[in-house]
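The values are calculated or read from the model by the stated rules, or taken from the named source; none is laboratory data. Since we're looking at a predicted model, the values are computed, not measured. Every residue, glycine as well, gets a Cβ built from its backbone with ideal geometry; the counts of neighbours run over all protein chains shown.
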Amino acid sequence: MKQIENIPDRGILLFKSCLVSVEYPGIESSTTYAFDKLGVDYLVSDEQSCCTGLGYYFDLFDQMSTTAVAARNFAVARKNGYTNITTMCSTCYAINKETCALLNSNEEVRSNVNTVFENAELDDLTYKQNSLDEVDNFYHVVEILLSKTQNIGKLNTIDFSDVHVATHHACHYYKVQYDDMIGNPNHPLLIDTIAKSCGADVVEWYEDKTLTCGAGFSQRHINRKTSLEVTHAKLESLKNAGVELVIHMCPNCQIQYDRYQPVIEKEFETKYDFVHMNIAQFVALALGADPGKVCGFQIHSVPLDKFLNRIGISV
């Protein structure tokens, strides 16, 4: 199990996410803003490609293709000397860790992937066993921020003391590899701890806290009714807890809550008074980031203007 004191802040490859880039680009700009403020040494590389997570979980990419793409991205990290791969998306986190473990443990898979590179005359992409470690070289942005809570608290510029906050922790962080995470999967508190460092009034437990967001990748589209029913149940729990701000760690979860909250309000004839942020957006805002130019709140489906004005931020 990971220990907070061992979380690195140097040599970090900030792994770009297709969902972040397309849906909430403010998550990436918020992450780099926060990292800059906190003195984190990181690299964003244009050579890095998608992790294939969406295609993989939609059964459009097979394991071999996904593993080969991952091995190529790992080679990008090694070449640049930034081997602590850190993701803004929990699906990127899970996919990269799983493929690294597969490359390290399965000689046949490793050989097949390297043969693909050899045939394409891309010998510089060859993956040797244990080139990266599936535990020691892979992190989620929330883990980096968690290791910096003291600094975040000291640099915080906003009074969050009367903001009622709840958190949603991503299943692809807590429910994929139980032996390699921080905290208790039955009572996750990573985001809670960061929010509390900024003085927020955090609801550490509410009914259905560990319930999935309901997206399930393909389930959002092929089982829409069930998907939205699950999300509705979670939103009702948050409503009953009197929450004002919900903080997330995965763009797919944020899509399900933020993009579909207005849909659920209409279809289930209800109304919710809370807004949504990614943890990087919350930290960047706390550290003085512009809510539009850096955090990108203007592209959220649930407007944040009223909330921001209440905490003293003009938009």
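Would you mind stating whether K148 is more than 14 Å from the chain's Cα centre (by Cα), buried (at least 21 other Cβ atoms within 10 Å of the Cβ) and basic (K, R)? Full working, then the answer.
Values: more than 14 Å from the chain's Cα centre (by Cα): yes; buried (at least 21 other Cβ atoms within 10 Å of the Cβ): yes; basic (K, R): yes.
When the stated conditions are applied, K148 passes them.
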Within region 128-203, helices (runs of 4 or more DSSP H) holding 3 or more residues that are at pLDDT below 95: 171-174
T115, sole failed condition from (1) modelled with pLDDT of 90 or more; (2) within 16 Å of the chain's Cα centre (by Cα); (3) outside any loop (DSSP other than H, G, I, E, B): (2)
All helices (runs of 4 or more DSSP H) inside region 212-315 with 1 or more residues being closer than 19 Å to V22 by Cβ: 219-222, 251-254, 261-267, 279-286
Residue list for region 254-284, restricted to those being touching a strand residue (DSSP E or B) at 6+ places or on another chain (Cβ under 6 Å) and at positive phi: none
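Here's the yes/no breakdown for (1) touching a helix residue (DSSP H, G or I) at 6+ places or on another chain (Cβ under 6 Å); (2) at pLDDT 95 or above; (3) crowded, with 19+ Cβ neighbours inside 10 Å:
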residue: E236; (1), (2), (3): no, yes, no
residue: H248; (1), (2), (3): yes, yes, yes
residue: T270; (1), (2), (3): no, yes, no
residue: M277; (1), (2), (3): no, yes, yes
residue: Q281; (1), (2), (3): yes, yes, yes
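Taking region 33-71 on its own, how many of its residues are part of a helix (DSSP H, G or I) and either over 22 Å from C250 (Cα atoms) or not aromatic (F, W, Y) (or both)?
Residues of region 33-71 part of a helix (DSSP H, G or I): 33-38, 53-57, 63-71.
Then keep just the ones that are either over 22 Å from C250 (Cα atoms) or not aromatic (F, W, Y) (or both); that gives 34, 36-38, 53-55, 63-71.
Counting residues in region 33-71 that are part of a helix (DSSP H, G or I) and either over 22 Å from C250 (Cα atoms) or not aromatic (F, W, Y) (or both) gives 16.
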Close pairs (6 angstrom Cβ cut-off, 6 or more residues apart or separate chains): free of Cβ contacts under 8 Å to residues at least 40 places away in the same chain and β-branched (V, I, T) in region 253-279, crowded, with 21+ Cβ neighbours inside 10 Å and assigned to a loop (DSSP other than H, G, I, E, B) anywhere: V275/L304
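Check whether at least one residue in region 120-130 is surrounded by 19 or more Cβ atoms within 10 Å (Cβ to Cβ) and closer than 21 Å to Q63 by Cα, and report yes or no. Talk me through it step by step, then tell me what you get.
Pass one, region 120-130, residues surrounded by 19 or more Cβ atoms within 10 Å (Cβ to Cβ): 125, 127.
Among the residues that remain, those that are also closer than 21 Å to Q63 by Cα are: 125, 127.
So far as region 120-130 goes, yes, one or more of its residues are surrounded by 19 or more Cβ atoms within 10 Å (Cβ to Cβ) and closer than 21 Å to Q63 by Cα.
Within region 23-52, take every residue that is of a type in the set (D, E) and buried (at least 17 other Cβ atoms within 10 Å of the Cβ) and give me the one that is farthest from K97 (Cα to Cα).
E23
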Close pairs from region 95-115: first under 13 Å from F138 (Cβ atoms), partner surrounded by fewer than 16 Cβ atoms within 10 Å (Cβ to Cβ), Cβ under 7 Å, at least 6 apart: N104/Q129; N104/N130
Sole exception among (1) under 17 Å from A289 (Cβ atoms); (2) touching a residue at least 40 places away in the same chain (Cβ under 8 Å) for G53, by number: (1)
Residue count, region 53-97 (criterion: over 21 Å from I279 (Cβ atoms), crowded, with 16+ Cβ neighbours inside 10 Å and modelled with pLDDT of 95 or more): 15
